[in-house]
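Right, one structure below, let's go through it.
The values are calculated or read from the model by the stated rules, or taken from the named source; none is laboratory data. In this text the structure is predicted, and so the values were computed from the model without any measurement. Cβ: placed from backbone, ideal geometry, glycine included. Neighbour counts: every protein chain shown.
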Amino acid sequence: MVVLLEQDFQGVSREDVEAVTTDMNVRDNPPAGLIAHVVTESANGAHVVDIWESTADIQRFTEERLMPSMNKVSQERGIQMPDTLPEPKITEAYDLVRGS
C-alpha cells in the first residue's frame, strides 16, 4: 500500500533540514521504500511531504536513520528537541504515476 506522509516541524530552518539530509546521506543512499521526498517552508518551520511504499518502510527509516540523525544534528546545533515529535498525517495513496 503506497502512503503519503505529511508532517510539520516547528522552529526548524532550511539549514537544519539540509544538515539532517546530509548526515543521513539519503541523496546517495536513499532509504528502502522511499518514492519521493520534498520539504517546503511553512509559517513557523518546515513542512515535509513523502511518498512511501509502505508504513513499515516509514517506521524502519524513522528508527534506523531519521531519529539518530535528527538527534545528532540538533545536539551539534544546540537545538532543543521536543519530548515527542509531531504526529505525521499518513494517508493511503492510489493512482501513483512514476516519472522516468
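For the reader, a short list of remarks on this structure follows.
- Any hit, the range 58-72, residues being free of Cβ contacts under 8 Å to residues at least 24 places away in the same chain and part of a loop (DSSP other than H, G, I, E, B): no
- Checked against the criterion of being without any contact (Cβ under 8 Å) to a residue 60 or more places away in the chain, more than 12 Å from the chain's Cα centre (by Cα) and closer than 18 Å to W52 by Cβ, the candidates A36, A32 yield just one match: A32.
- Close pairs from the range 77-100: first free of Cβ contacts under 8 Å to residues at least 24 places away in the same chain and within 18 Å of A56 (Cβ to Cβ), partner aliphatic (A, V, I, L, M) and surrounded by 11 or more Cβ atoms within 10 Å (Cβ to Cβ), Cβ under 9 Å, at least 6 apart: none
- Looking across Q80, Q59, one residue alone is more than 12 Å from the chain's Cα centre (by Cα) and over 12 Å from V2 (Cα atoms). It is Q80.
- Where a residue in the range 7-22 is over 16 Å from K72 (Cα atoms) and its partner, wherever it lies, is among the small types (G, A, S) and in a strand (DSSP E or B), with Cβ under 6 Å and at least six apart: D8/S42; F9/G45; F9/A46; Q10/G45; G11/G45
Okay, residues lined up against (1) in contact with a Gly (Cβ under 8 Å, 6 or more places away or on another chain); (2) under 20 Å from R98 (Cβ atoms); (3) assigned to a helix (DSSP H, G or I):
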position: M1; (1), (2), (3): no, yes, no
position: L4; (1), (2), (3): no, yes, no
position: D23; (1), (2), (3): no, no, yes
position: V26; (1), (2), (3): no, yes, no
position: A32; (1), (2), (3): no, yes, no
position: V38; (1), (2), (3): no, yes, no
position: H47; (1), (2), (3): no, no, no
position: Q75; (1), (2), (3): no, no, yes
position: P82; (1), (2), (3): no, no, no
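- When A19 is tested against (1) modelled with pLDDT of 95 or more; (2) loosely packed, with under 12 Cβ neighbours inside 10 Å; (3) touching a helix residue (DSSP H, G or I) at 6+ places or on another chain (Cβ under 9 Å), only condition (2) is not met.
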